[in-house]
Amino acid sequence: MTEARYRVVIRCPECGEKYILRGRQKENGEYETGFKQCVCGNVQHLHIDAAPES
Ligand SMILES: [Zn+2]
């Protein structure tokens, strides 16, 4: 079984920062990207979009 890799875009509505990361999807549906928090300190209110890498 091959693990799909995802391109994950995380946007912070608090300060407008945007992060483009790569990761895989965990069993609980969350994305494992290593992202901890935004530079502004916001960690809870984030917009996350993910698409499979081609
Ligand atoms: Zn921010």
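The values are calculated or read from the model by the stated rules, or taken from the named source; none is laboratory data. These figures come from a predicted structure and were not determined experimentally. Note that we place each Cβ from the backbone using ideal geometry, even for glycine, and neighbour counts take in every protein chain shown.
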(message) For region 1-17, which positions are surrounded by 11 or more Cβ atoms within 10 Å (Cβ to Cβ) and of a type in the set (D, E, K, R)?
(response) 5, 7, 11, 14, 17
(request) Would you mind finding the one in 30, 14, 53, 3 that is at pLDDT 95 or above and of a type outside the set (Lys, Arg)? (result) 14
(request) Could you list all residues from region 24-48 that are exposed (fewer than 11 other Cβ atoms within 10 Å of the Cβ), under 9 Å from the mean Cα position of the chain (by Cα) and away from the ligand (no atom under 16 Å from the Cβ)? (result) 34
(request) Specify the residue that is nearest to the ligand (Cβ to nearest atom); the eligible residues are those in region 1-23 that are among the charged types (D, E, K, R) and without any contact (Cβ under 8 Å) to a residue 24 or more places away in the chain. (result) 17
